[in-house]
Amino acid sequence: MAIATVVASRAMVKQSWERELEIHARVLATLLEREGDMGEADLIDAIGRMKEMEGHRFTLILPDGRVIGESEADKGSMDSHKYRPEVDEAFRAGKGISQRYSATMGQSMFYVARRIPQEGEAKGVIRVAIPLRVMEAGIEESQRPLWWAFWGIILVAVALSVKAGLTVATSVAKVHHGLRHIAEGDFSYRIPLPGVPCLSELTRAINETAGQGERQIRALEEERNLRALILRNLSPGVVAIGANHHIMEMNEAARAMLGIGAVTVVTGKSLGDVVRLAEVMTLVEESEKTVNPVEREATLGDMRLAMRSTPLNDVNERRIGSLLLLNDVTLIRRLETVRQDFVANVSHELRTPITSIKGFAEALLDGTDAETTERFLKIIMRQSGHLDTIIRDLTEIVWLEQNSAKTLERERIPVAVMIDNAIGLCQNRITERRAAVSVQCDGDLTANVHAGLVEQAIVNLVDNAVKYGVTPESPNVEVIVTPEGGGVCIQVRDHGAGIAPHHQERLFERFYRVDKGRSRDLGGTGLGLAIVKHIALIHNGAIDLSSAPGQGTAFSLRLP
Ligand code: ADP
């Protein structure tokens, strides 16, 4: 563009010179044409004046080529100019232009020639010339600002290109740096948008892709976390077992049940190396032979473990292993046993007096003497009384089970009053067993309780202490009341034979008795301590005992 401008400017300057020389030539031609035939002296004079005015070279040539007027050289020494290109062209076309070396001037010249006259038969040609260097100097002069502008533009363009190049390079480096971040998995990284338009589009696209990746990864992570959370908080143990019996997944519950430490790495390990319980492996192997769930129970230490193995399939329903579910059913099994025992015990406990009553009634029907009849009737009375006690105790337990601390009617009552009432109810037994019952209780101490139930609990504990803990050698029974937290602790202590440890934990079960015969002989039902436990629970309290064989027993009823 700049070059084209320079070239165009050169042509324009040359044209302007050409026009100027032509004007001179035309002026002279017109002058000469008007003057008619001018004498040689006049011509020289006219050319001289023109030369003075303009400083150009003027030459006047006749049609035969003779130079009859010349402003710069001796015309006599000049050869025929008929065939000088500009002269020849002017004779033929009226105007001639040329640019060539002049032997006369010894330098290159620019010529413009005009025929005289313009129309009709030629009388001569007037030629105006300037040295080419003058014209070139003019052109150069006129082009200097253009060249400056040209080089200025080039300089600015180069500077801009360098700057743009640097900007692009920096931006590409930033994009590359960002891409490395993202490629390393940091999908939250966003590349700053560069100033280069094409790169900023690319960067925006990369950032959007990273954003999508980040969203997808977050969704996957959330799903995985949810799955892990569910698995962690599931109470059944879950073990996913893959091909070759290697462990794919094991939750916390399964670890706890199988006695595997929380930090022990199990994933990828063989099931047999991690789980010592042989039944687990047997179950899994059995399950691999069928598409149906396989169930089994095993005992691990004190625990009863219910195991269930089902096929583990992939998304294409192809079996990839087994899913093992573990449930700690110790408590359920124990409760089942307690319930079964309870039913058996109730039947047994009821059947014993009923059998007795039935037997003696039949004997009476068969006919007996008066003394025997009276004896039998007394037995029937005692047994039916026992039956009544059992049924009352059972009804009591059912009532306590059906009610709760919320519905319990309470009153604030001095603890000493309840103890006095209870001891009063046990008085016959105390006298009968020659027991010495002492009470340590602050008269100001009160409790917010169901007085009737608490009195009954104290009766049961004192009655037991007198029945089982009093001997002629150690007749003392102490009832000691101490404030505890916001409530009270009522302790009933004897100094009898005590209770062996293996009996202690089952003592509060219904119908559980250490010595059945002795209990029955003493009119016991085996329900007394179960009732005490329920009374404690309905008050949100507790009952516990401390006992050692030969050292007596202390039952502590805690009422908050
Ligand atoms: P029971 O109707 O047989 O008295 P309990 O539930 O009151 O039933 O007591 C359960 C068993 O606990 C009793 O049969 C007895 O063997 C034992 N027991 C209770 N209290 C004492 C005690 N103070 N000393 C020794 N054994 C006791």
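For the reader, a short list of remarks on this structure follows.
- Residue match in the stretch 436-457 (condition: within 10 Å of the ligand (Cβ to nearest atom) and among the acidic types (Asp, Glu)): no
- Odd one out for Gln99 among (1) at pLDDT 90 or above; (2) polar (S, T, N, Q); (3) farther than 24 Å from Lys14 by Cβ: (3)
- Conditions (1) without any contact (Cβ under 8 Å) to a residue 60 or more places away in the chain; (2) surrounded by fewer than 18 Cβ atoms within 10 Å (Cβ to Cβ); (3) not β-branched (Val, Ile, Thr); number of the one not met by Cys441: (2)
- Residue that is surrounded by the most Cβ atoms within 10 Å (Cβ to Cβ) [pool: residues in the stretch 128-139 that are under 14 Å from Ala11 (Cβ atoms) and not β-branched (Val, Ile, Thr)]: Met135
- Taking the stretch 95-148 as the range and being in a loop (DSSP other than H, G, I, E, B) and either of a type in the set (Gly, Ala, Ser) or touching a helix residue (DSSP H, G or I) at 6+ places or on another chain (Cβ under 6 Å) (or both) as the test, the residues that pass are Ala103, Gly106, Pro117, Gly120, Ala122.
- Within the stretch 544-553, the set of residues being under 18 Å from Val466 (Cβ atoms) and assigned to a strand (DSSP E or B) comprises Leu545, Ser547, Thr553.
- Test result for Glu371, surrounded by fewer than 11 Cβ atoms within 10 Å (Cβ to Cβ) and closer than 20 Å to His245 by Cα: no
- Of residues in the stretch 168-205 being among the β-branched types (Val, Ile, Thr) and buried (at least 17 other Cβ atoms within 10 Å of the Cβ), the one nearest to the chain's Cα centre (by Cα): Ile182
- For the stretch 171-192, a tally of residues being free of Cβ contacts under 8 Å to residues at least 12 places away in the same chain and hydrophobic (A, V, I, L, M, F, W, C) returns 2.
Results for (1) among the hydrophobic types (A, V, I, L, M, F, W, C); (2) part of a strand (DSSP E or B), shown as yes or no for each residue.
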site: Val263; (1), (2): yes, no
site: Val266; (1), (2): yes, no
site: Asp273; (1), (2): no, no
site: Arg276; (1), (2): no, no
site: Glu279; (1), (2): no, no
site: Val284; (1), (2): yes, no
site: Lys289; (1), (2): no, no
site: Asn292; (1), (2): no, no
site: Ala298; (1), (2): yes, yes
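- The residue pairs whose first member lies in the stretch 501-518 and is of a type in the set (Lys, Arg), whose second member is near the ligand (Cβ under 8 Å from one of its atoms), and whose beta carbons are closer than 6 Å, counting only pairs six or more residues apart or on different chains, are Arg506/Tyr512; Arg510/Leu527; Arg510/Ala530; Arg513/Ser519; Arg513/Gly526.
- Among the residues of the stretch 423-448, those that are of a type in the set (A, V, I, L, M, F, W, C) and out of contact with any Leu (no Cβ under 6 Å at 6 or more places or on another chain) comprise Ile423, Leu425, Cys426, Ile430, Ala435, Ala436, Val437, Val439, Cys441, Leu445.
- Any hit, the stretch 313-322, residues being outside the structural domain of Arg276 (by TED's automatic domain parsing) and part of a loop (DSSP other than H, G, I, E, B): no
- Only one of Val462, Val514, Val477, Val481 that is in a strand (DSSP E or B) and near the ligand (Cβ under 10 Å from one of its atoms): Val477
- Residue ranges of strands (runs of 3 or more DSSP E) in the stretch 343-458 with at least 1 members closer than 29 Å to Arg513 by Cβ: 436-440, 446-449
- Flag if Ala149 is without any contact (Cβ under 8 Å) to a residue 12 or more places away in the chain, among the aliphatic types (A, V, I, L, M) and out of contact with any strand residue (DSSP E or B) (no Cβ under 6 Å at 6 or more places or on another chain): no
- Candidate set: the stretch 444-485, residues that are of a type in the set (Gly, Ala, Ser), touching a residue at least 60 places away in the same chain (Cβ under 8 Å) and surrounded by fewer than 21 Cβ atoms within 10 Å (Cβ to Cβ); chosen: the one nearest to Pro560 (Cα to Cα): Gly485
- Flag for Leu425 being within 16 Å of the ligand (Cβ to nearest atom), under 18 Å from Gly528 (Cα atoms) and surrounded by fewer than 19 Cβ atoms within 10 Å (Cβ to Cβ): yes
- Residues that are part of a loop (DSSP other than H, G, I, E, B) and either within 10 Å of the ligand (Cβ to nearest atom) or at positive phi (or both), drawn from the stretch 484-494: Gly485
- Output for the stretch 517-530, where each listed residue is within 6 Å of the ligand (Cβ to nearest atom) and under 11 Å from Lys467 (Cβ atoms): Ser519, Gly524, Gly528
One line per residue, one yes/no per condition, for (1) exposed (fewer than 15 other Cβ atoms within 10 Å of the Cβ); (2) more than 10 Å from the ligand (Cβ to nearest atom); (3) more than 54 Å from the chain's Cα centre (by Cα); (4) among the acidic types (Asp, Glu):
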| site | (1), (2), (3), (4) |
| --- | --- |
| Gly498 | no, no, yes, no |
| Phe508 | no, no, no, no |
| His534 | no, yes, no, no |
| Gly541 | no, yes, no, no |
| Ser547 | no, no, yes, no |
| Leu559 | no, yes, no, no |
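- The stretch 274-300, subset touching a residue at least 40 places away in the same chain (Cβ under 8 Å) and more than 37 Å from the chain's Cα centre (by Cα), residue surrounded by the most Cβ atoms within 10 Å (Cβ to Cβ): Leu283
The values are calculated or read from the model by the stated rules, or taken from the named source; none is laboratory data. In this text the structure is predicted, and so the values were computed from the model without any measurement. Please note: Cβ atoms are built from the backbone with ideal geometry, for glycine as well, and neighbour counts cover all protein chains shown.
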